[in-house]
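Shown next, in structure tokens, is the structure this report addresses.
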């Protein structure tokens, strides 16, 4: 039963990744899975020209940050492989992660405002549930937006809170 659930999940991800492509395969998927088109059409469609215009307004990412985003994007969208912009020559119809991204300083998520640490230190603190089930707290260092395959993506770069020194740890009420 678990195998069947995994197969259904992989098939659904595959369909979502290829149904909006301009190819014969995308056209066949639109015929076979018309319900999927409705859910993907609800989000605004961004043309490749608008995608390029948005991404070109940004700043060049550092190589370390670019590599981190590239790894994350390829992990989130495993059916669509994004190539590094320096891996030349690019094959036809390849997806290349742009080296530019638009910096963002403020966002609102579920009614809460968040900002980068340089803008407001209190608004940059967040906690989240890790994959291993623990809760971690960090500061937002920077936020970047890119449009990839017609989808606006927000990347939030976080840094851990600084640990207390050994002298200050003695006075911390949270140790016990």
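Which part of the stretch 118-145 falls in the paramagnetic zone of residue 168, meaning amide N under 20 Å from the point 7 Å along Cα-to-beta-carbon?
It comes to 118-127, 136-141, nothing else.
Does anyone have the angle between helix 2-18 and the longest principal axis of the chain? Alpha-carbon axes, 0 to 90°, nearest 10?
The answer is roughly 70 degrees.
Nearest 10 degrees is fine. How inclined is helix 63-76 to the longest principal axis of the chain, computing both from alpha carbons?
60
Multiplying the sequence separation of residue 2 and residue 60 by 0.36 nm and subtracting their Cα-Cα distance, what value in nm do you get?
16.5 nm
Under a point spin-label approximation (7 Å from Cα along Cα-to-Cβ), what is the residue 109-residue 93 distance to one decimal in nm?
3.4
Would you mind getting me the FRET efficiency between residue 161 and residue 119? Use the beta-carbon distance for r and R0 = 22 Å, nearest 0.05.
0.80
Could you work out how much longer the chain between residue 75 and residue 130 gets when fully extended? Use 0.36 nm per residue separation minus the Cα distance between them, nm to one decimal.
In short, 18.2 nm is gained.
Nearest 5 is fine: what % of DSSP beta bridges in the chain come out antiparallel, could you say?
90
Could you work out Rg/(2.2 N^0.38 Å) for the chain, with Rg from alpha carbons only?
The value comes to 1.30.
Starting from the Cα of residue 141, step 7 Å along the direction of its Cβ; do the same at residue 68; then give the gap between the two resulting points in nm.
Roughly 0.4 nm, to one decimal.
With springs connecting C-alpha atoms under 10 Å apart, model the chain as a Gaussian network and identify which of 64, 110, 30 has the largest mean-square fluctuation.
Among 64, 110, 30, the largest GNM mean-square fluctuation belongs to 110.
When the chain is fully extended, how far beyond the present Cα-Cα distance does residue 83 get from residue 11, taking 0.36 nm per residue of separation?
23.6 nm
At 222 nm, what value in deg cm²/dmol follows for the chain if DSSP H runs of at least 4 each add -39500 (n - 2.57) and the sum is divided by all its residues, to the nearest 500?
-10000 deg cm²/dmol
Where a number appears in this text, it was derived from the coordinates with a stated rule and is not lab data. Just so we're clear, the structure is a prediction, and the values are computed from it rather than from any experiment. Quick reminder, even Gly has a Cβ in these numbers, built from the backbone with ideal geometry, and neighbours come from all protein chains shown.
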